[in-house]
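Read-outs throughout are calculated quantities, based only on the coordinates presented, and are distinct from any laboratory measurement. Predicted model, so just to flag it, every value in this text is computed and none were measured. No Cβ is skipped: glycine too gets one built from the backbone with ideal geometry, and neighbour counts run over all protein chains shown.
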Amino acid sequence: MSENRLKELRMKRTTLKGTITRVETFAKDPSLDSKGVELVEARRDMLILAFKAYEERQLDILVCDEKDREDISIVEDKYYSV
């Protein structure tokens, strides 16, 4: 796999981590109870999709670069805490 493809995968992984962090921040908002059920469900669905895509990108990267230093447990902890 080319270095450009690996760079692209890492950028996508970073974007997905940002999405997961934003949903985590949303879930920790003290005013969450006042948010509509539909909004909360939409964020939950987005979280599930983002985490699945993150795992796929992570595996793609590891196939190309076994020495990748990404600590997936940090992202997993965010996902499961939400």
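A full extension of the chain between residue 38 and residue 81 corresponds to an added length of 13.5 nm, given 0.36 nm per residue minus the alpha carbon distance. The charge dipole of the chain, taken about its Cα centre with unit charges on the Cβ atoms of Lys, Arg (+1), Asp and Glu (-1) only, comes to about 240 debye. For region 49-82, backbone nitrogen atoms closer than 18 Å to the point 7 Å from residue 5 Cα along Cα-to-C-beta are found at 56-68.
Report the calculated FRET efficiency for residue 62 and residue 21 (r = Cβ-Cβ distance, R0 = 25 Å), to the nearest 0.05.
Efficiency computed from Cβ-Cβ geometry: 0.70.
Taking the convex hull of the alpha carbon positions in region 3-81 and averaging its projected area over all directions gives 5.3 nm². The GNM of the chain, with springs linking C-alpha atoms under 10 angstrom apart, assigns the highest mean-square fluctuation among 42, 50, 27 to 42. Largest GNM mean-square fluctuation across 62, 47, 39, computed for the chain with C-alpha springs under 10 Å, falls on 39. Each residue of region 8-18 is assigned a 3J(HN,Hα), and the resulting list reads 4, 4, 5, 5, 5, 4, 4, 5, 5, 4, x Hz, derived from the Karplus form 6.51 cos²θ - 1.76 cosθ + 1.60 (θ = phi - 60°), x at Gly and Pro.
Can you compute the helix-only [θ] at 222 nm over the chain? Use -39500 (n - 2.57) per DSSP H run of at least 4 residues, normalise by all residues, nearest 500 deg cm²/dmol. Don't skip to the end; give the middle numbers.
Working: 3 runs with 63 residues, N = 82.
Estimated from H runs of four or more residues: -26500 deg cm²/dmol.
Close lysine pairs were tallied over the chain: pairs 8 or more places apart or on different chains with Cα atoms under 23 Å apart number 15. Computed from backbone phi with θ = phi - 60° and the Karplus coefficients 6.51, -1.76 and 1.60, the 3J(HN,Hα) list for region 46-53 is 5, 4, 4, 5, 5, 5, 4, 5 Hz; x is used for glycine and proline. Applying the Karplus relation 6.51 cos²θ - 1.76 cosθ + 1.60 with θ = phi - 60° to region 62-75 yields 3J(HN,Hα) values of 5, 4, 8, 9, 5, 8, 4, 9, 4, 9, 5, 5, 5, 5 Hz, where x marks Gly and Pro. Between 67, 17, 52, the Gaussian network model of the chain with springs among Cα atoms under 10 angstrom shows the greatest mean-square fluctuation at 67.
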